[in-house]
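Colleague: Handing you a structure now.
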Amino acid sequence: MFFGKKILIGITGGIAVYKTAELVRQFKKAGAQVRVVMTDAATKFVSPLTFETLSENDVLTGLFPETSSKQTAHIEWARWSDVMVICPATLNTIGKIASGIADNALTTTIMAANVPVIFCPAMNKAMFANSIYRENQKKLQEHGYYFVEPGIGELACGEVGYGRLADIETIFDAVKLRLFGKNDFSGKKLLITAGPTEEPLDPVRYLTNLSSGKMGFALAEQAKIRGAEVVLVSGPVNLRTFSGVELVHIRTAFEMEQQVLKRLEGTDVLIMAAAVSDYRPAEYSPNKLKKQDNPKSLALIMNNDILAKAGQNKGNRIQVGFSVETENEYDYSLDKLRRKNCDFIVINNPARPGAGFRNDTNRVTVLDNKGNMERYPLLSKYRVADRILDKVFNLMQNG
């Protein structure tokens, strides 16, 4: 996702410096080009060599670097970047920028930047609560700088409170928003489902499917990046929710039905990417069923079709369904689309290489309510999500 993007990391002198090494590694892993500029205090905590190794670039530590033929490196680096991330950002450095002070390589680079600058504060809870600091943060935000609020937890001094550096994943999300945010879904509410459902048979067994939830979570992330208010109703998965997405945990198809239907009012778009169990056991045993010499038959009853139920009172809401088919894709999916009153349906054949459950990629076909089909090549699920949202946006604009 970050391929070709240029990220400049500014590091100030705080104990949280060691966490920035992992942030640099994650950006590199995601395909970004990374440069690092450090204050003198930061180098007391972690050697510049560490960040040179991780970033595969020289580290800027002074206004007059010996390795540069130019004495305006801070200007060149500011022009080079697509985004600047100050992590960790101390009270001192934030105060300097708020006061227009540029007295080292990092502060001069920040002041020369014409790209988004994201501060990630980390400090003692009393410093974070100090009224002068709060005024400085507010002032910088009014000038267009961005902040990733620190978390609450144990601090280096042994106290517990606000001031702990935000999780690396949260900082990663903030950079995504600044680099890729479109805001074309601003003011729109999207309700998205993801993952499998589990239908319990006894306390230790249940019926389920192979869904990992990756497609639904990718849709929720991309929708949030594009400015939407996003509610994600998900079955049991092992995935992290993108910052700012409201996550609703469910287990069974009945629980998903309840949560979806009660949240439909005010929803502009419903995307049912979850793999909802069609059936559940007719009876639940409160005790573990014992193994028997003669296998017993398992009676099943059908679950309600959530998307079809939502489609009965669709109004102006855009509805998108998913159809997993291994044969007769067009006929089966067209029937589903019409019965469930969808605007379009995304067909997924798990028999195709790179498609289906648990993969990071997918190869889907989109079928609209006029019978038109559009086949997508093999793409990451994030790119598939973006294309699906593009189609939703076109429907919102053009009907």
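The values are calculated or read from the model by the stated rules, or taken from the named source; none is laboratory data. Given the structure is predicted, the values throughout are model-derived calculations rather than measurements. Methodologically, a virtual Cβ is constructed for each residue, glycine included, from the backbone with ideal geometry; neighbour enumeration extends over all protein chains shown.
Colleague: Can you name the condition, by its number, that Glu142 falls short on among (1) among the acidic types (Asp, Glu); (2) at pLDDT 95 or above; (3) outside the structural domain of Val17 (by TED's automatic domain parsing)?
Modeller: For Glu142, the exception is condition (3).
Colleague: Also, I was wondering about something else. Just to check your reading of the model, which residue among Leu106, Leu190 is under 27 Å from Gly244 (Cβ atoms), within 30 Å of the chain's Cα centre (by Cα) and of a type in the set (A, V, I, L, M, F, W, C)?
Modeller: The unique qualifying residue is Leu190.
Colleague: OK, next. Write out, first by first residue and then by second, each pair whose Cβ atoms fall under 9 Å of each other, whose residues are 6+ apart or on separate chains, and whose first residue, in the stretch 257-284, is on the phi > 0 side of the Ramachandran plot while the second is charged (D, E, K, R).
Modeller: Close Cβ pairs (under 9 Å, with a partner that is charged (D, E, K, R)) amount to Gly266/Lys189.
Colleague: Turning to a different aspect of this structure: Just the residues that are surrounded by fewer than 17 Cβ atoms within 10 Å (Cβ to Cβ) and more than 28 Å from the chain's Cα centre (by Cα), please, taken from the stretch 315-344.
Modeller: Gly315, Thr326, Glu327, Asn328, Tyr330, Asp331, Tyr332, Asp335, Arg338, Arg339
Colleague: Which members of the stretch 345-399 meet the condition of being crowded, with 21+ Cβ neighbours inside 10 Å, within 24 Å of the chain's Cα centre (by Cα) and part of a strand (DSSP E or B)?
Modeller: Ile345, Val346, Ile347, Asn348, Asn362, Val364
Colleague: Residue check, Met123 against (1) closer than 30 Å to Glu265 by Cβ; (2) crowded, with 20+ Cβ neighbours inside 10 Å, all met but one. Which one?
Modeller: (1)
Colleague: Scan the stretch 285-312 for residues that are exposed (fewer than 13 other Cβ atoms within 10 Å of the Cβ) and in contact (Cβ under 8 Å) with a residue 60 or more places away in the chain and jot them down.
Modeller: The answer is Pro286, Asn287, Lys288, Leu298.
Colleague: Name the one entry in Lys309, Lys314 that is assigned by TED's automatic domain parsing to the domain that holds Phe357, of a type in the set (Lys, Arg), assigned to a loop (DSSP other than H, G, I, E, B) and closer than 27 Å to Leu389 by Cβ.
Modeller: Exactly one of Lys309, Lys314 is assigned by TED's automatic domain parsing to the domain that holds Phe357, of a type in the set (Lys, Arg), assigned to a loop (DSSP other than H, G, I, E, B) and closer than 27 Å to Leu389 by Cβ, namely Lys314.
Colleague: Still on this structure, I have one more. Could you say which residue among Ile94, Ile101 is touching a helix residue (DSSP H, G or I) at 6+ places or on another chain (Cβ under 7 Å) and in contact (Cβ under 8 Å) with a residue 40 or more places away in the chain?
Modeller: After applying the criteria, what remains is Ile94.
Colleague: Please indicate, with yes or no, whether at least one residue in the stretch 88-96 is of a type in the set (Gly, Ala, Ser) and out of contact with any Phe, Trp or Tyr (no Cβ under 9 Å at 6 or more places or on another chain).
Modeller: Checked against the condition, which is being of a type in the set (Gly, Ala, Ser) and out of contact with any Phe, Trp or Tyr (no Cβ under 9 Å at 6 or more places or on another chain), the stretch 88-96 yields no hits at all.
Colleague: Another one. Go over the candidates Val320, Val324 one by one and state the one that is touching a Phe, Trp or Tyr at 6+ places or on another chain (Cβ under 8 Å) and either hydrophobic (A, V, I, L, M, F, W, C) or at pLDDT 95 or above (or both).
Modeller: Val320
Colleague: Output the residues belonging to the stretch 321-333 that are in a strand (DSSP E or B) and out of contact with any helix residue (DSSP H, G or I) (no Cβ under 7 Å at 6 or more places or on another chain).
Modeller: Once the filter is applied, which keeps residues that are in a strand (DSSP E or B) and out of contact with any helix residue (DSSP H, G or I) (no Cβ under 7 Å at 6 or more places or on another chain), the stretch 321-333 yields Phe322, Val324.
Colleague: Answer yes if at least one residue in the stretch 172-180 is exposed (fewer than 14 other Cβ atoms within 10 Å of the Cβ) and either aliphatic (A, V, I, L, M) or within 28 Å of Leu389 (Cβ to Cβ) (or both), and no otherwise.
Modeller: No, every residue in the stretch 172-180 fails to be exposed (fewer than 14 other Cβ atoms within 10 Å of the Cβ) and either aliphatic (A, V, I, L, M) or within 28 Å of Leu389 (Cβ to Cβ) (or both).
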